[in-house]
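The next block holds one structure in the form of structure tokens; read it before the comments.
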Amino acid sequence: MEWGGVICVTASITIAVVFVVFVSGWSALGFSEMGLDYNAITSSVNPKPYYPGRYYLGVGHSFVRFPRTYQTISFSNEPRSEWEELKSRTSDGLEVDLEISFQYLVDPTRLFDIYMKFAEQYDPIYVRFAQHVLTDITTDYTAYDFFQNPQKIRDRMEEVLNTEFYEFAFANITSFQLKTVSLPAEFESAIKETEVQNQDIRKAQAEQERTRVMLQTQVIQAEKQVEIILSQAKAQAEAIRLDNYAQVEALKILQSLQSESYQSVLDALGGNKDALIDYMKIRAIRDHPESGLTVGIPNTVDSSKP
């Protein structure tokens with residue numbers, strides 16, 4: 001009876017232990033997680049990545065967890081920011097404070113690389129890595145560059161940071177924000193004054209260009225008007241020349257016809273030129289308007305005769 005009780009107790013304990021061991025071998029990853037299988041007995045990690053779900057890993061196994069969602073690193077003086085704004089210097093030696101934030105995604109195909117390089121402390125390393133990259137880029141630009149071309153600097157920061165993170169941190173930068181750039185107050189005042197003066201200069205240059213274009217337009221219009229006048233004058237001169245030519249040709253034809261007519265009359269008069277002249281006189285008197293006609297008749301009577 002005693003041995004039966006011992007065996008029963010032992011069996012119960014064994015079943016309980018087996019159950020506990022079996023249950024402890026299960027592990028789950030939430031929707032926003034992915035992970036690697038860590039064996040605490042051998043202190044080793046399986047390079048195969050796991051995604052959301054429930055898995056039986058075995059006794060002494062657990063997940064090294066990584067986020068599947070966007071992670072944000074923010075350098076700002078805002079209360080909710082974990083890290084202060086970045087402080088650096090421009091290429092001309094002025095202090096500059098930068099408020100920057102960016103989002104990244106851990107590369108799910110390179111979880112084993114992340115673990116082997118950073119273990120589970122990758123997040124603070126990412127922060128220090130970003131600080132180094134961004135402050136180093138800042139030293140490539142003058143204070144005036146930050147005032148004049150912040151977008152150009154932002155684009156280069158994002159490009160370089162994404163390249164460096166992908167190559168050395170096994171993550172991808174998905175978005176980047178250069179929020180504020182703070183330069184020494186004296187410099188910003190001087191820059192603003194310079195910008196006002198530059199605006200005045202640009203305004204004067206624009207007015208000068210407008211006046212130049214207006215005057216040039218007037219010159220072009222005057223030149224076109226001269227061309228029109230010369231063209232009209234040439235056309236009028238050509239019309240007069242053609243009219244004169246036509247009149248001369250008509251006169252030549254008329255004179256030729258009259259010459260032929262008078263030759264015919266002369267032939268009819270037997271070559272008597274005096275008679276032809278008398279004929280021409282009579283015709284001239286006939287063709288002349290009566291209102292302006294005066295005829296002189298020579299006196300052929302001898303007054304000395306009775």
Within the stretch 158-172, restricting to residues that are open to solvent by less than 60 Å² (accessible area, probe 1.4 Å) and of a type in the set (A, V, I, L, M, F, W, C), the one that is nearest to the chain's Cα centre (by Cα) is VAL160
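Output the residues belonging to the stretch 26-45 that are in contact (Cβ under 8 Å) with a residue 24 or more places away in the chain and surrounded by 15 or more Cβ atoms within 10 Å (Cβ to Cβ). If you could, list the steps in order and put the result at the bottom.
Just the residues of the stretch 26-45 that are in contact (Cβ under 8 Å) with a residue 24 or more places away in the chain, to begin with: 26-29, 31-38, 45.
Selection gives SER27, LEU29, GLU33, MET34, GLY35, LEU36, ASP37, TYR38, VAL45.
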Within the stretch 46-58, residues out of contact with any Leu (no Cβ under 9 Å at 6 or more places or on another chain) and open to solvent by 60 Å² or more (accessible area, probe 1.4 Å) come out as TYR56
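Just the residues that are acidic (Asp, Glu), over 41 Å from the mean Cα position of the chain (by Cα) and either open to solvent by 80 Å² or more (accessible area, probe 1.4 Å) or under 30 Å from ARG283 (Cα atoms) (or both), please, taken from the stretch 204-259. Let's see the steps before the verdict.
The initial filter retains those residues of the stretch 204-259 that are acidic (Asp, Glu), namely 207, 209, 223, 227, 238, 243, 249.
The next check asks that each one be over 41 Å from the mean Cα position of the chain (by Cα); those that pass are 238, 243, 249.
Correct list: ASP243, GLU249.
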Of all strands (runs of 3 or more DSSP E) fully inside the stretch 59-157, the set with 3 or more residues that are surrounded by 15 or more Cβ atoms within 10 Å (Cβ to Cβ) is 61-67, 71-75, 95-106
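Considering only residues that are hydrophobic (A, V, I, L, M, F, W, C) and at pLDDT 75 or above, which ones fall in the stretch 254-268? Before you say what the answer is, go through the steps one by one.
Residues of the stretch 254-268 that are hydrophobic (A, V, I, L, M, F, W, C), as a first pass: 254, 257, 265-266, 268.
The answer is ALA268, and nothing else.
The values are calculated or read from the model by the stated rules, or taken from the named source; none is laboratory data. Quick caveat: nothing in here was measured; it's all calculated off a predicted structure. Note that each Cβ is placed from the backbone with ideal geometry, even for glycine, and that neighbours are counted across all protein chains shown. Quick note on the areas: whole protein, heavy atoms, side chains included, nothing else; ligands and nucleic acids left out. Shrake-Rupley method; radii C 1.70, N 1.55, O 1.52, S 1.80 Å.
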